[in-house]
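Below is one structure, written out as structure tokens; the observations come after it.
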Amino acid sequence: MKLSVKGFEIHPEFLDVAQQRAVLAAIRGVVAQAPFFRPETPMGKPMSVRMTAAGQYGWFSDKSGYRYAPSHPSGKPWPAIPDDVLEIWKRATGLERQPECCLINYYSADAKMGLHQDRDEANMEWPVVSLSLGDDGLYRMGNVTRGGKTESMWLRSGDVVVMGGEARLAYHGVDKIRGGSSTLLPKGGRLNLTLRVVT
């Protein structure tokens with residue numbers, strides 16, 4: 001089953017529980033090499049999510065602004081994107097082109113992400129693929145300009161969203177986490193993986 005909301009292509013239950021656990025194990029391997037960190041906004045405020053990444057690039061933010069970076073804040077290169085994660089990209093998009101970044105955000109029960117655009121990539125023709133693992137997240141979908149009517153829906157563990165076409169530059173965010181709604185992560189919370197072509 002596939003849903004379309006404001007151009008966002010939503011695939012509920014894209015991964016079954018066994019597949020989710022396999023991806024989670026692979027992500028734990030990434031985090032062991034590239035630990036989570038808490039970036040700051042350009043205004044110097046710590047973000048409520050913790051993040052890390054895999055691939056040729058990771059995403060980074062500090063007082064100098066938002067940008068992709070070729071290495072973890074420790075100075076080490078980012079780990080490779082796990083094969084189980086690359087398979088999600090292939091299944092969801094059918095594209096031969098591989099993503100160059102898998103951004104991994106961890107949301108605790110009180111974390112959220114304000115409405116924003118993904119626009120630091122060189123070519124906006126490539127989609128962004130987003131996977132939810134763990135607790136439900138209330139996902140808000142907006143427009144290509146700020147303001148106007150938005151739509152929201154709860155994303156559950158195993159759901160995938162493809163942002164391409166008219167939704168590629170649409171504003172989107174996560175308003176709320178429904179703590180305790182999933183048992184996938186032993187300590188609770190939500191992991192969000194987003195796959196992007198950077199160059």
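Each reported figure results from applying straightforward, stated rules to the coordinates on display, with no laboratory input. Because the structure is a prediction, the values reported are computed rather than measured. Glycine gets a Cβ as well: all are built from the backbone with ideal geometry, and neighbour counts include every protein chain shown.
Calculated from DSSP H runs of 4 or more alone, at -39500 (n - 2.57) each and per residue, what is the 222 nm mean residue ellipticity of the chain, nearest 500? Don't jump to the answer; show the numbers that get you there.
Values: 2 runs with 28 residues, N = 199.
So the calculated ellipticity at 222 nm is -4500 deg cm²/dmol.
For segment 93-199, which semi-axes, largest first and in whole Å, follow from the square roots of 5 times the eigenvalues of its Cα gyration tensor? Walk me through the numbers before you get to the answer.
Numbers: eigenvalues 109, 60, 23 Å².
Over the Cα atoms of segment 93-199, the ellipsoid semi-axes are 23, 17, 11 Å.
Go from 0 up to the bin containing the longest alpha carbon distance in segment 59-105, width 10 Å each, and give me the % of pairs per bin.
Computed distribution, short to long bins: 22, 45, 26, 7.
Mind giving me the FRET efficiency for V5 and K90? R0 is 22 Å, r the Cβ-Cβ distance, nearest 0.05 is fine. Intermediate values should be presented prior to the final figure.
Values: r = 23 Å, r/R0 = 1.06.
That pair, V5 with K90, gives E of 0.40.
Extension gain L185-S74, at 0.36 nm per residue separation less the Cα-Cα distance, in nm? Mind showing how you got there, number by number?
On the way: separation 111, 0.36 × 111 = 39.96 nm, distance 2.57 nm.
Using 0.36 nm per residue and subtracting the Cα-Cα distance, I get 37.4 nm.
How high is the relative contact order of segment 3-196, given as a whole-number percent (alpha carbon pairs under 8 Å, six or more residues apart)?
On the way: 457 pairs, mean separation 51.7, N = 194.
Once normalised by length, the contact order is 27 percent.
Local charge sum around G173 (other residues, Cβ-Cβ under 9 Å, Lys/Arg +1, Asp/Glu -1)? Walk me through the numbers on the way to the answer.
On the way: positive: K112, R140; negative: D175.
Net of charged neighbours comes to +1.
With a Förster radius of 35 Å, plug the Cβ-Cβ distance of M43 and Q19 into 1/(1 + (r/R0)^6) and report the FRET value to the nearest 0.05.
On the way: r = 39 Å, r/R0 = 1.11.
That pair, M43 with Q19, gives E of 0.35.
Spelling out what I want: for every residue of segment 174-179, take phi, set θ = phi - 60°, compute 6.51 cos²θ - 1.76 cosθ + 1.60 (Karplus), and round to whole Hz; glycine and proline get x.
Those phi angles translate into 10, 8, 7, 10, 8, x Hz.
Along each of the three principal axes of the Cα atoms of the chain, give the extent in whole Å, ordering the values from largest to smallest.
Taking the Cα atoms of the chain, the three principal extents are 40, 38, 37 Å.
From the C-alpha gyration tensor of segment 148-199, pull out the three semi-axes of the equivalent ellipsoid (sqrt of 5λ each), sorted largest to smallest, in whole Å.
Values: eigenvalues 117, 49, 15 Å².
They are 24, 16, 9 Å, listed from largest to smallest.
Starting at the first residue of segment 185-199, write each ³J(HN,Hα) from the Karplus equation 6.51 cos²θ - 1.76 cosθ + 1.60 with θ = phi - 60°, in whole Hz, x for Gly and Pro.
My calculation for segment 185-199 gives 8, x, 9, x, x, 10, 9, 10, 9, 10, 9, 9, 8, 8, 9 Hz in order.
Between T150 and Q33, what's the calculated FRET efficiency when r is the beta-carbon distance and R0 is 41 Å? Round to 0.05.
Details: r = 37 Å, r/R0 = 0.90.
Computed FRET efficiency for T150 and Q33: 0.65.
Tally Lys and Arg at +1 and Asp and Glu at -1 over the other residues with C-beta under 11 Å from the C-beta of Q19: what net charge comes out? Don't jump to the answer; show the numbers that get you there.
Working: positive: R21, R91; negative: E13, D16, D84, E87.
Overall, the nearby charge balance is -2.
Can you grab the distance from the C-alpha centre of segment 91-131 to the C-alpha centre of segment 43-62, Å, no decimals?
Each part's Cα centre sits 13 Å from the other's.
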